[in-house]
Amino acid sequence: MIPELRKVSIGIAVLFGALFVSTTLIQVFQVDQLRVDPRNVRTLYQSYSTERGSILVGSNEIVESVPTDDVYKYQRTYHGGGLYAPITGYYTINQGVSGLEFALNDQLSGQANSQFFDQISALVSGKDPRGASIKLTVNAAIQQAARDALGELSGAVVAIEPDTGRILALVSTPSYDPNELATHDSQAVLDKFNGLIASNAGPLVNRAIAGDLYHPGSVFKLVVAAAALDSGRMTERSTVNNPASLKLPQSSSVIHNATGDSCGPGNSVTIATALRLSCNIPFAEIGAQLGESTIRDYAERFGFGATIEIPMVATPSIYPDGMDDAQLMMSSFGQFDVRVTPLQMAMVSSAIANGGLLMSPTVVDSILSPDLAATTTFQPVQYSSPISPSTAQALGRMMVQNVSAGAASNAALNGVSVAGKTGTAENGQGQPYTLWFTGFAPANNPVVAIAVVVENGGGLGQSGTGNSVAAPIARKVIQAVLSQ
Amino acid sequence: MSLLNNSTPATITEQLMLRLKVPTKLRNLEATLIVFAMAVTSAALALVDLGATGQLNPPIIGLSLGLGVIVLAMHVAQRFVARDADPLILPIVTLLNGLGIAMIHRLDLSAGLSGWQANASRQMVWTAIATVVAIVVIVVVRNHRVLQRYRYVWMLTGVVLLVLPLVPFIGVTINGARLWVNLGFVSFQPGEIAKIALALFFAGYLVTARDSLSVMGKKAFGVRWPRTKDLGPILVVWAVAMLVLIFQRDLGTSLLYFGLFLVLMYVATGRAIWFVVGGGLFGLGALIASQFLTYVHGRFAAWLDSFNQVNYEAVGGSYQLVQGLFGFASGGIIGTGLGAGHPGIVPLAESDYIMASLGEELGLVGVFAILALYLLFIARGIRIGVNGSDDFGRLLAIGLTFVIALQVFIVVGGVTRVIPVTGLTTPFLAAGGSSLVANWIIVALLLRLSDTVRHQREEVTGQ
């Protein structure tokens, strides 16, 4: 019997060997594969059980994780309500994550590779791992001023520091309260989410960077003027014909200036005057002379067609392809299929303000370790140099004229020279206009570049203009910046 | 009786006092190890409370003390009636049982169960009942050879217990397997007790039948095959195993009984050919069953293609298995820590899937430690078999040990996808009264056998 017992022992050892192997395979070698399986709710629970980092404006936490007694361990709490929602986004248990919460999830959740040693020390010390905190470049007073200036209007404001690319304010209205989406009651989250999606006001749409793109209207003339001057084909004083109406080639369409008359007196008009009075016909002629490829070249230098990450992903702005002459002339004053984000237009003004250098826009000032020591501090990065310093200066001069003695008069401030350009974009027969302002101030030493968009004609249908609705909003934001 | 065999005449009371004053080295070792096992268990219970609730709650003191008192009662009983019993078995089982209670308590906390609703409270009561039964067994059964005499009683008992779940009105189907009996006031798995009765019967029967079964017949395909007239017993046991598979719908139970018989047959006759014959028969039966019985087919599909969404969503499909695997993975090498994971996500986390729960919170390290405890237990059992004084004792020790080993393999192999999932429970760890009582009876019988082994050696060598 003894030899048989030995063999039975070996048999049992083999059986247990299989168990040692199977558990090792599962708990060591298949771990990653099992953790990412969408049916594995533990992965979700674990992501909640790390104390997610805070988001700070100045030294105030606008988003933080507050301990709770439920399985999620922490309740994400948004102190700014809807004010910062276009930047922070939301963090839900079952409807995904958006905004900065999504873009910097690895850092906030402590999963970034740079936080590897924090993870190890959390393991050894037995403390729950904590995510990094994010300090924003946004200024609370400017953000609030921009929000207040928009009031009940539906639109967006983007304010950028031209020499660094730091975003001082990024507002989209109407907004939503991320706290209502962060609740741990999954049915309540779903109901709220569906309600927000169904709402005609579009509160979840981030109009500043990722909404439906807008017709830029006359603010696009800055890009065409930049192309005209910087390519060396024209100067401020170059002139084009000045009719009161113009029939487009191979088309029955006739275009007019906003006044319905010619662009000031005379048979010809300078680019400077055309920009100051924001005339359509001269820019249609300039665009036709420059050609699609030259304008596209400059549009792309300003960021058109590129995915900009601030680090939230902005929708690329569009300069259309393969236009015929009529379409090229329409697009040259910001109609046809030109589509932009407010961020893109703020970048155009920012480059002009910064002597032709475009800095990459961002909302992140620094990434802070759990004890709030800075681990990564934002350094200004040049995005491109779309135009020469002299072109920038010339455009700046024209934009100052536009505010002091032209179509953007409502942006003027006492004692400060403001450079600006308005836009009143048509959206089709009978549709309300999209109202624009973009510019910078003070003109001689710019500290802020700004873009304002107001949807639906600011509630005024086709009677509101960029100057009457958008320019005053910009003025209030510029005031807030200058009073800092 | 051994108590009265002492040369010095004395009253029974004096004898008792003497024994208490002069405990053997073995029992002192056992006591020390039990204290260690209790310390580990208490620490585990405390960690569960701290991990899951952040504080120590009153029930855990009751659970710690309760287990300590119960096991010490068993220990004291051995000092009187089994002084030379193996000193490792009781501490190992105490630790396994204690870890089980700690994990069940942990799952109670996450499910919000307390008082008598809590599975841990009931597990503690069942542990007490099981230990009392074990004490009764070790006190009453002073000589294991007596058990051999009643082998046909064991057979009858085993068969009745096996059939019991199939009886209308009292048989209950849980998770597709008809392994349970509900008598209104108590429900249990008779199959757990049946495995002991069958081990006793197989051992008793094979001691007498081994000579005949060892004789081989004609040679074919290069090996000698059993004689046709000797095929009767294996065919009967195979038929019973197949009936269990078909009517009770549980591959694991079927495999357990049949595997037990095959191993004992091999050990008794020394003929490996029985493995070939038996393995072939069982494999054939399982193959046919998997083709024609939808539930067996479903179990195989859930095993082979667990992550397939169809199998995952199927009734009785791989949902539980896959969630258990997620639990194991979440534990990784060192585990989430007691009270810090989410083992409650897996259905039946406290019984069938307790290894997944332990794997999640104690990690691979904990799983290895638990498997090592089982291996140590099995090694002691085989050692008792090797040192056995008589063939019945040897076969019984091996049978009882192997039943534990095979059951651990079937259950842990099931939750880790080595074999299809079955309805068996992890010995000593899993929540469940019948399983605890049965396994503690096995402990009592092994202790009795080990005591006899050493006792007889002492008598022979005159120590």
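The values are calculated or read from the model by the stated rules, or taken from the named source; none is laboratory data. Worth saying up front: this structure is predicted, and the values here are computed from it rather than measured. Positions of Cβ are generated from backbone atoms using ideal geometry, with glycine treated the same way; all protein chains shown enter the neighbour counts.
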TODO: Test B:ILE135 against the criterion of being at pLDDT 90 or above, part of a helix (DSSP H, G or I), of a type in the set (A, V, I, L, M) and under 19 Å from B:LEU400 (Cα atoms), and give yes or no.
DONE: yes
Open item on the list: Restricting to region B:309-341, give me the number of residues that are facing chain A (nearest Cβ under 8 Å) and touching a Phe, Trp or Tyr at 6+ places or on another chain (Cβ under 7 Å).
Closed with: 2
- [ ] Residues that are in contact with a strand residue (DSSP E or B) (Cβ under 6 Å, 6 or more places away or on another chain): find the helices (runs of 4 or more DSSP H) completely inside region A:146-236 holding 2 or more of those.
- [x] A:178-182
- [ ] Tell me which residues, restricted to region A:20-49, are in contact (Cβ under 8 Å) with a residue 12 or more places away in the chain and more than 7 Å from every other protein chain (Cβ to nearest Cβ).
- [x] A:LEU44, A:SER47, A:TYR48, A:SER49
Open item on the list: A:ARG52 - would you say it is surrounded by fewer than 16 Cβ atoms within 10 Å (Cβ to Cβ) and either basic (Lys, Arg) or facing chain B (nearest Cβ under 8 Å) (or both)?
Closed with: no
Task: Any chance B:ILE174 is surrounded by fewer than 20 Cβ atoms within 10 Å (Cβ to Cβ), within 20 Å of B:SER351 (Cβ to Cβ) and of a type in the set (Val, Ile, Thr) - done: yes
TODO: Taking only region B:212-271 into account, find how many residues are touching a helix residue (DSSP H, G or I) at 6+ places or on another chain (Cβ under 9 Å) and within 30 Å of B:TRP180 (Cβ to Cβ).
DONE: 31
Open item on the list: Residues to consider are A:THR465, A:THR438, A:THR434; find the one that is modelled with pLDDT of 85 or more, touching a Ser or Thr at 6+ places or on another chain (Cβ under 7 Å) and among the hydroxyl-bearing types (Ser, Thr, Tyr).
Closed with: A:THR438
Open item on the list: Every residue in region A:289-346 that is on the phi > 0 side of the Ramachandran plot and within 13 Å of the chain's Cα centre (by Cα), please.
Closed with: A:GLY303
- [ ] Quick one: in region A:1-19, of everything that is more than 7 Å from chain B (Cβ to nearest Cβ) and closer than 28 Å to B:ASP390 by Cα, which residue is modelled with the lowest pLDDT?
- [x] A:PRO3
TODO: Output yes when any residue across region A:20-38 is among the basic types (Lys, Arg) and under 42 Å from the mean Cα position of the chain (by Cα), and no when none is.
DONE: yes
- [ ] Of the numbered conditions (1) within 14 Å of another protein chain (Cβ to nearest Cβ); (2) surrounded by fewer than 20 Cβ atoms within 10 Å (Cβ to Cβ); (3) polar (S, T, N, Q); (4) assigned to a helix (DSSP H, G or I), B:SER306 fails exactly one; give the number of that condition.
- [x] (4)
Task: Residue pairs meeting the criteria (Cβ under 7 Å; at least 6 apart or on separate chains; first more than 10 Å from every other protein chain (Cβ to nearest Cβ), in region B:366-392; second of a type in the set (Asp, Glu)) - done: B:ARG380/B:ASP86; B:ILE384/B:ASP86
Open item on the list: Which count do you get for residues in region A:55-87 that are touching a helix residue (DSSP H, G or I) at 6+ places or on another chain (Cβ under 7 Å) and within 14 Å of chain B (Cβ to nearest Cβ)?
Closed with: 3
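Search region B:311-354 for residues being among the charged types (D, E, K, R) and part of a loop (DSSP other than H, G, I, E, B), and hand back the single one that is nearest to the chain's Cα centre (by Cα).
This residue is B:ASP352.
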- [ ] Might you check whether a residue that is surrounded by fewer than 19 Cβ atoms within 10 Å (Cβ to Cβ) and either facing chain A (nearest Cβ under 10 Å) or over 21 Å from B:PRO427 (Cβ atoms) (or both) occurs anywhere in region B:349-360?
- [x] no
Task: Which listed residue, of A:PRO380, A:PRO386, A:PRO370, A:PRO311, is in the same structural domain as A:LEU275 (by TED's automatic domain parsing), buried (at least 22 other Cβ atoms within 10 Å of the Cβ) and either in contact (Cβ under 8 Å) with a residue 24 or more places away in the chain or assigned to a helix (DSSP H, G or I) (or both) - done: A:PRO386
TODO: Residue by residue through region A:469-484, note down the ones that are over 15 Å from A:THR434 (Cβ atoms) and of a type in the set (Val, Ile, Thr).
DONE: A:VAL477, A:ILE478, A:VAL481
- [ ] Working only within region A:150-193, note down all residues that are buried (at least 23 other Cβ atoms within 10 Å of the Cβ) and among the aliphatic types (A, V, I, L, M).
- [x] A:LEU150, A:ALA156, A:VAL157, A:VAL158, A:ALA159, A:ILE160, A:ILE167, A:LEU168, A:ALA169, A:LEU170, A:VAL171, A:LEU181
TODO: With respect to A:SER262, determine if the residue is in contact (Cβ under 8 Å) with a residue 60 or more places away in the chain, part of a loop (DSSP other than H, G, I, E, B) and not acidic (Asp, Glu).
DONE: no
- [ ] Would you check which residues across region A:460-484 are assigned to a loop (DSSP other than H, G, I, E, B) and either loosely packed, with under 15 Cβ neighbours inside 10 Å or of a type in the set (A, V, I, L, M, F, W, C) (or both) and list them?
- [x] A:LEU460, A:GLY461, A:GLN462, A:SER463, A:SER483, A:GLN484
Open item on the list: Checking the conditions here, which among A:ARG207, A:ARG233 is touching a Ser or Thr at 6+ places or on another chain (Cβ under 7 Å) and touching a residue at least 24 places away in the same chain (Cβ under 8 Å)?
Closed with: A:ARG207
